[in-house]
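Participant: Sharing a structure below in structure tokens format, with a few things to ask.
The values are calculated or read from the model by the stated rules, or taken from the named source; none is laboratory data. The structure displayed is predicted, hence computed values, not measured ones. Every residue, glycine as well, gets a Cβ built from its backbone with ideal geometry; the counts of neighbours run over all protein chains shown. Accessible surface areas use protein heavy atoms only, side chains included; no ligands, DNA or RNA. Shrake-Rupley method; radii C 1.70, N 1.55, O 1.52, S 1.80 Å.
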Amino acid sequence: MMRFAACATYMALLYGFIFLPVGVLALFSFQDGRFPIPPFQGFSLRWHAEVLGDADLIAALLNSLMVAFASSAMAVTLGFLAARAVATGRLPRAKAISAALTAPLSVSYLVIGLGLLASFNLMGQSLSLATVAVGHIVINTPLCFAICAAAIGPAQQSAERAARDLGASELRVMWLVTAPMILPALLAAFLLSVTFSWDEFIIAFLLSRFDVTLPVEIWSLLRSGLNPKTNAVGSLVFMLSAIAVLGVELATMRRK
Amino acid sequence: MSKTLTIEGRDRRRALALAAPALLWTLVFFALPFGVMAVLSLWQRTDQGLEAAWTLANYAKFASSPAYLQAALNSLEITVVVTVLSVALAYPLAWIIAVELPAKYRRLALALAVVPFWTSYVVRSYAWSLVLAKRGVLNGWLGDLGLPLMDLANSRAATVIGFTHFFTMLLTLTIYASLVQLPPNLRRAAADLGAGPVQIFRFIVWPLALPGVMVGAFLTFALCIGDYVTPQILGGGNDLALPQLVMLQIGRRADLPMAAALSIVLMAAVTLAYIAMARWMKEPSK
Amino acid sequence: MKTTTRLLAVLAGTTLLTQAAAAQELNALVWCDHTDDALIKPFEDKFGVKVNLKEYEGTGAALSLIEQSQPGDWDVLVVDGIDVPRVVSAGILGPLPVGDLPYDSLFPEMVMEENHVIDGQTYAISEKFGYNTVSFNSAAVSAEDLSDMTALWSDNAPGSMAVYDYYVPVMGMVAMGLGIPTADITLDDLPAIEAALMKLKDNASSVGEVVSSQTAIATGEVDILFGGGEWVTAGLTGDLPDLDWLIPEQGAVRWSQSIGVFADSKQPDLAVEFVKHVLSPQGQAALATSSCYWAMPANRMAGAMMTDEQKAALRWDQQVDYLNKADLYPTPDADLDAAMQDVWTRFLAH
């Protein structure tokens, strides 16, 4: 009983800590006044309406979705192909290659962003959403590679061998045997990539110019005046993401 | 014989072709930019633009100016405190979810623990600034309860709280993952052999889950020391952190070479932490 | 091999994509007060173009962004008046057609020929000005307590304080407080300025940029904002009538923004039209009362487009007195600028 009480107390405290900022954020997004701090002056949907009527924010949201999906698709593709290469057991220097592919994981986003900024400068490449996507592929490919590599096991390999023995071409093997077998891993890698790209700030900040992603737009909103609009954006983004996650969760549960 | 050799050669070429796109991408957009940075860090910013000076002056400036060293020290201290605090907070929660909780609630509990992940990262720091402000929510509550108010906003404490919040969520996830992988019958067997709960934890769970915890801690370290947003929003211009110093070079002086040199210093710190972790994990006695 | 070619195709595609967006768009590098629809929309509608705005804070940041761009990327630049000679000598700005611009209706102090005219060519025109001085919450601190600037770096600061995070005006103010005119600051003065700054930091709870400064004083986090002015308080007085600002007896620093056209702009005519729009009475009134910060318009004719409350918040009628009391921003040369930035970095790390 003591133990149960201790566990319950700890959980309550920690969940309280975890939810505190989100709760405060959401509450004061309904503030009927100019400042998102106590006292709560009454309930208003004014700031939410302002967000939905802000063309720049909506454009940034669409930009973010575009960058997230495009860069994640590319990252999953690159990661999956490389993971399969390693899994064949025929890849020379497989260990070194794996290490090289996962190296970006331990490098700070700020450093990756700065390096790309300097390089694009030298190359004479203008900054745009495409350059942001390039940066996001760099940070997400290692992740996708690691997830796919962990998922490809002996079961896949023997199935692949069987398919090959039956005369299937390499592409068909990959598309019809390996990919479907590790579909959950591919999906997980893709969604994780989308999340990271969706929420990434510093690379997007350094590598974009006029068309910006949502975190960058929120950053400039934050710097253009204190008001509960920032709270409203945060709450709406939260709801959007939560619904997406819930949807995926339900979809995968039904599959089982 | 020669036929198998050619098959093997063909397989190797095929494998290489599969790995090539990812490798090429990593080479062009990760390794190469890194090289560009290393080269750039030896250049100098002058009135006319960037000059290929081939000098260690930027590093010398870092090593000789107390303000820069202080920024590096601030970053290191904040990161260490955050890493330790986050592990200390996340471990018990991950343990409760993985071991104490009935299996059917686990997924829900874990999902709840990471839900705030889904607010935007920038907004999360901002939300903490509202909570900790002098007339913010926290002080509102403390005032209602008749407790002394806390002056946490715009300080290192605020930065640490913001970071700890994020990394507690992250670490709960990673530590949970390594705890559920431990076969439960190991614990049962130890209990059958007369081990108490403390002993089971000390001699079985802790050492077996340690690698996972260490990887999570390293990830925390690497992400925390390189983050600009949290100290910028919550630190209030006090206790400058290394990434802020890097951004100052770009934002105020257009001094890409100095920013590059400071980034290399930042990377060196992360690499040292990585080596330390790798060494520590290799030591069998631990 | 197929995948490699596909990869290269994608790469080529991204390059094409990024270079396709050039049509009828005007690219302007501005301070955050130029982003309101009230200012931009009328121009976009009139000319049927899209104005792309990139905000920055501080001339260094602007130079950084320009260096990270390709020639022809930018059309219009808004920059601190005192930095115009610097950007002109870097070849960034091109000459303006003087006859088309409302020079006659500018406040005389805003013509600033010594900054804007170089070798007989005019490169920029003032659009907005104001003061870096002291903002305060009159419910918590009295104006008398702030009339002597040095009190703010004494052992008995009159109240809780934040400092605006921009080294040029704040170091200029401190210099004024120490009796050094901003135009006369030399390397030898820096130790004294630094000593005062460090005590200022001891007395201050935070150092922040435009919005965090506003936030600090608007939410009661602090009672005094060093480096603030009408640009912090004027836009907030509707909600917070207690917010006020003054110029201490030692004086303050006057800032001004200028606007010009890039030398390598691909559409200089449209860019000049934009400059004319910003300088028009309507444009000036919108700029003066922008959501990011308020300040005096450079064009006197804007007064007719503004309400009495707006003009009162900006102290329209007291400008003669204020202009007298304030020095221009310091104009450090490269060495002094680098040294000042080093002092500022130490100030932030302190």
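Participant: Modelled label-to-label distance, B:Asp144 and B:Ala88, 7 Å Cα→beta-carbon offset: nm?
Facilitator: 2.9
Participant: Just how far, in whole angstrom, is the stretch B:248-282 from the stretch C:88-162 if you go by their alpha carbon centroids?
Facilitator: 38
Participant: Please get the size of the charge dipole for chain B, origin at its Cα centre, with Cβ charges of +1 on Lys and Arg and -1 on Asp and Glu, quoted in debye to the nearest 20. Please report the intermediate quantities before stating the final value.
Facilitator: Working: 22 positive and 13 negative charges, 175 e Å.
With only Lys, Arg, Asp and Glu charged at Cβ, the dipole is about 840 debye.
Participant: Excluding ligands, DNA and RNA, what is the accessible area buried between chains B and C, summed over both sides, using a 1.4 Å probe, to the nearest 100 Å²?
Facilitator: 2600
Participant: Right, next: Relative to the longest principal axis of the C-alpha atoms of chain A, give the angle of the C-alpha long axis of helix A:2-28, reported between 0 and 90° and rounded to the nearest 10°.
Facilitator: That works out to roughly 70 degrees.
Participant: Now for a different question. If the chain between C:Asp188 and C:Asp145 were fully stretched, how many nm would it gain, using 0.36 nm times the residue separation less the Cα-Cα distance?
Facilitator: Computed gain between C:Asp188 and C:Asp145 is 12.5 nm.
Participant: Follow-up question, since we're still on this one. Anyone know which of C:Ser291, C:Ser256, C:Ser135 comes out most mobile in the 10 Å Cα GNM of chain C?
Facilitator: C:Ser291
Participant: Roughly how many debye, to the nearest 20, is the charge dipole of chain C about its Cα centre, given +1 on each Lys and Arg Cβ, -1 on each Asp and Glu Cβ, and no other charges?
Facilitator: Charge dipole, chain C, about its Cα centre: 1240 debye, nearest 20.
Participant: So, for the protein assembly as shown, what is the accessible surface per residue at a probe of 1.4 Å, expressed in square angstrom?
Facilitator: Per residue, the protein assembly as shown has an accessible area of 41 Å².
Participant: Take every Cα pair under 8 Å in chain C that's 6+ residues apart, average their separations, divide by the length, and report that relative contact order as a whole percent.
Facilitator: Worked out over chain C, it gives 26 percent.
Participant: Okay, next question. Build a GNM of chain B with springs between Cα atoms under 10 Å: which of B:Val36, B:Val246, B:Val81 gets the top mean-square fluctuation?
Facilitator: In this elastic network of chain B, the residue with the biggest mean-square fluctuation among B:Val36, B:Val246, B:Val81 is B:Val36.
Participant: Net charge near A:Asp199, counting Lys/Arg +1 and Asp/Glu -1 over other residues with Cβ under 15 Å of its Cβ?
Facilitator: Net local charge, A:Asp199 excluded: -2.
Participant: Could you give the length gained on full extension between C:Glu114 and C:Asp242, defined as 0.36 nm per residue of separation minus the Cα-Cα distance, in nm?
Facilitator: 42.2 nm
Participant: Run the numbers for C:Gln318 and C:Lys50: contour at 0.36 nm per residue of separation, minus the present Cα-Cα distance, in nm.
Facilitator: Between C:Gln318 and C:Lys50, full extension yields an extra 92.7 nm.
Participant: Ignoring ligands, DNA and RNA, please state the percent of accessible area on the protein assembly as shown from carbon and sulfur, probe 1.4 Å.
Facilitator: Of the solvent-accessible surface of the protein assembly as shown, carbon and sulfur hold 63 percent.
Participant: Which of A:Leu129, A:Gly113, A:Ile218 sits closest to the plus end of the dipole of the stretch A:2-255, meaning its Cα is farthest towards the positive end, when Lys and Arg get +1 and Asp and Glu get -1 on the C-beta?
Facilitator: A:Gly113
Participant: Taking K and R as +1 and D and E as -1, what net charge do the other residues with C-beta under 12 Å from the C-beta of A:Val237 add up to?
Facilitator: Numbers: positive: B:Arg124; negative: A:Asp199, A:Glu217.
Once positives and negatives cancel, what remains is -1.
Participant: With charges only on Cβ, +1 for K and R and -1 for D and E, what is the dipole size of the stretch C:223-311 about its Cα centre, in debye, rounded to 20?
Facilitator: Here the size comes out at about 460 debye.
Participant: Report the FRET efficiency, 1/(1 + (r/R0)^6), for A:Thr9 and B:Ala189, where r is their Cβ-Cβ distance and R0 is 41 Å, rounded to 0.05.
Facilitator: With R0 = 41 Å, the Cβ-Cβ based efficiency is 0.85.
Participant: Compute accessible area for the stretch B:247-267 by itself and then with all protein chains, 1.4 Å probe, and report residues whose area falls by 20 Å² or more.
Facilitator: Listed in order, they are B:Met247, B:Leu248, B:Ile250, B:Gly251, B:Arg252, B:Arg253, B:Ala254, B:Leu256, B:Ser263, B:Leu266, B:Met267.
Participant: Enumerate the calculated ³J(HN,Hα) couplings along the stretch B:271-280 in order (Karplus 6.51 cos²θ - 1.76 cosθ + 1.60, θ = phi - 60°), each rounded to whole Hz, writing x wherever the residue is Gly or Pro.
Facilitator: Going residue by residue, I get 4, 4, 4, 5, 4, 4, 5, 4, 4, 4 Hz, with x marking Gly and Pro.
Participant: Please name which of C:Val78, C:Met171, C:Thr345 has its Cα lying farthest along the dipole of chain C towards the positive end, using unit charges on Cβ (Lys, Arg +1; Asp, Glu -1) and the Cα centre as origin.
Facilitator: The residue sitting most towards the positive pole is C:Val78.
Participant: Under 19 Å Cα to Cα from C:Lys266, which aspartates and glutamates show up? Leave out anything in the same chain fewer than 8 places away.
Facilitator: Straight-line reach from C:Lys266, under 19 Å: C:Glu25, C:Glu44, C:Glu67, C:Asp73, C:Asp75.
Participant: Give the shape of the protein assembly as shown as rounded, prolate or oblate, defined through the alpha-carbon gyration tensor: a ≥ b ≥ c are the square roots of its eigenvalues, a/c under 1.5 means rounded, and otherwise the shape is prolate if a/b is larger than b/c and oblate if not. If you can, show how the numbers build up before the last one.
Facilitator: Working: a/c = 1.95, a/b = 1.48, b/c = 1.31.
Note, shape of the protein assembly as shown comes out prolate.
Participant: Keeping all protein chains in position, work out how much accessible area C:Asp145 exposes to a 1.4 Å probe, and write it in Å² to the nearest 10.
Facilitator: 80
Participant: Calculate the length of the line joining the C-alpha centroid of the stretch C:186-200 to that of the stretch A:1-16, in whole Å.
Facilitator: Between the Cα centres of the stretch C:186-200 and the stretch A:1-16 lies a distance of 54 Å.
Participant: Using amide H atoms built 1.01 Å from N in the peptide plane, name the residues 5+ places from C:Leu328, or on other chains, whose amide H lies under 5 Å from its own.
Facilitator: Distant-sequence amide H within range of C:Leu328: C:Arg254.
Participant: While we're looking at this one, here's another question. Which Cα, out of B:Val122, B:His165, B:Ile96, lies furthest along the positive dipole direction of chain B (beta carbon charges, K/R +1, D/E -1)?
Facilitator: B:Ile96
Participant: Could you tally the net charge around B:Glu77, taking each other residue with its Cβ under 10 Å from the Cβ of B:Glu77, Lys/Arg +1 and Asp/Glu -1?
Facilitator: For residues surrounding B:Glu77, the net value is 0.
Participant: Given contacts defined as C-alpha pairs under 8 Å and at least six residues apart, what's the relative contact order of the stretch B:64-282, whole-number percent?
Facilitator: 29
Participant: Please give every one of the aspartates and glutamates within straight-line cross-link reach of A:Lys95, meaning a C-alpha to C-alpha distance under 12 Å, and leave out same-chain neighbours fewer than 8 residues apart.
Facilitator: Candidates past the 8-residue exclusion: nothing left.
Participant: Given the C-alpha centroids of the stretch B:111-181 and the stretch C:49-75, what is the distance between them in whole angstrom?
Facilitator: 36
Participant: Using a Förster radius of 60 Å, what is the FRET efficiency between A:Leu171 and B:Arg202 based on their Cβ-Cβ separation? Nearest 0.05, please.
Facilitator: According to the calculation, E is roughly 0.70.
Participant: For chain A, modelled as a GNM with alpha-carbon contacts under 10 angstrom, which of A:Leu192, A:Leu25, A:Leu45 fluctuates the most?
Facilitator: In this elastic network of chain A, the residue with the biggest mean-square fluctuation among A:Leu192, A:Leu25, A:Leu45 is A:Leu45.
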